[in-house]
Amino acid sequence: MRQRHFVLAALAAALLAPPAFAHAIGGTDAAFVAATNGPDPFPFMYLGAKHMVTGYDHLAYLAGVVFFLYRLKDVLIYVSLFSLGHSTTLLLGVLLKVDVSPYLVDAVIGFSVCYKAFENLGGFRKLKFVIEPHWAVLAFGLVHGLGLATKLQDLKLNPNGLVVNLVSFNVGVEIGQLIALSVILGAITLWRLTKSFGRFATAANALLFLAGVILAGQQIAGYFITGGR
């Protein structure tokens, strides 16, 4: 009963999360980026870090990735693959002006959360459907980076100093990821020391799956409501 109440309460919180929270760059941050003319690395580094530590979708996916990783070596390998993926498409997506609907990209990002949670629940093993997890993390990293790129493209970045500012933003993303990952991993590690981890691990991943469904559903709805714009 307590487990059911935990899931319902957390699901309600996820349902109340605004769709834009996953990738939003707005307000004064958006105005600053749009007005920047020339290299300005440190503010862009700050924006990258801020975006990562407040990004619902990135954090949810990272939580799923490290949830059952007990060795630091494995954490470093998986997170490095994710970083390689999102760094590549973040930079190339903007520089090559890849034109893709941010709603559809964000929907796939929501699916990535579902995928990882379903894997943690042993769903693929039961279906006897095996995808090499390292390749999956790399592939979804590419999608997450493309999501970042679509939001930056919306800001109409000035070509003067663009490469320096993009690289700085990406460095900030990595710093933010390190900060967020440290908090997430620390919390999960402490949780593993308690008896509740065994009781609620399945519920937590079921919640993670539902959060991914909600995120994907919000983005798909937004795609149709706005006509894909």
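Read-outs: derived from the displayed coordinates by stated rules, not from any lab. This is a predicted model, so every value here is computed, not measured. With ideal geometry, Cβ positions are generated from the backbone for all residues, glycine too; neighbour counts draw on all protein chains shown.
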Arrange the following residues from fewest to most other Cβ atoms within 10 Å of their Cβ: 112, 87, 80.
-> 80, 87, 112
Rounded to the nearest Å, what's the spacing between the alpha carbon centres of segment 57-117 and segment 154-229? Just the number, please.
-> 8
When we measure straight from the Cα of residue 97, which aspartates and glutamates land under 20 angstrom away, once same-chain ones fewer than 8 places off are left out?
-> 106, 154
Checked against a 31 Å limit on the C-alpha separation, the offending pairs among 50/126; 128/151; 73/116 are 50/126; 128/151
What nm value, rounded to one decimal, do you get for the distance between residue 163 and residue 73 when each label is placed 7 Å out toward the C-beta?
-> 3.8
Between exposed chymotrypsin sites (Phe, Trp or Tyr not before Pro) in the chain, where DSSP calls loop and at most 16 other Cβ atoms lie within 10 Å, what's the longest gap?
-> 130-229
When Cα extents along the principal axes in Å is calculated directly from the model, which label among (i) 57, 33, 31; (ii) 46, 39, 38; (iii) 56, 41, 33 fits?
-> (iii)
Tell me, what is the FRET efficiency for residue 35 and residue 95 to the nearest 0.05, using R0 = 30 angstrom and their Cβ-Cβ distance as r?
-> 0.90
For segment 70-229 the mean separation of alpha carbon contacts under 8 Å (6+ apart) over residue count, i.e. relative contact order in percent, is 45
Which of 201, 165, 94, positive extreme of dipole for segment 70-229 (C-beta unit charges) = 201
FRET E, pair residue 88, residue 179, Förster distance 25 Å, beta-carbon r, rounded to 0.05 = 0.70
Cut-off 14 Å between beta-carbons: net charge of the residues surrounding residue 57, Lys and Arg +1, Asp and Glu -1 = +1
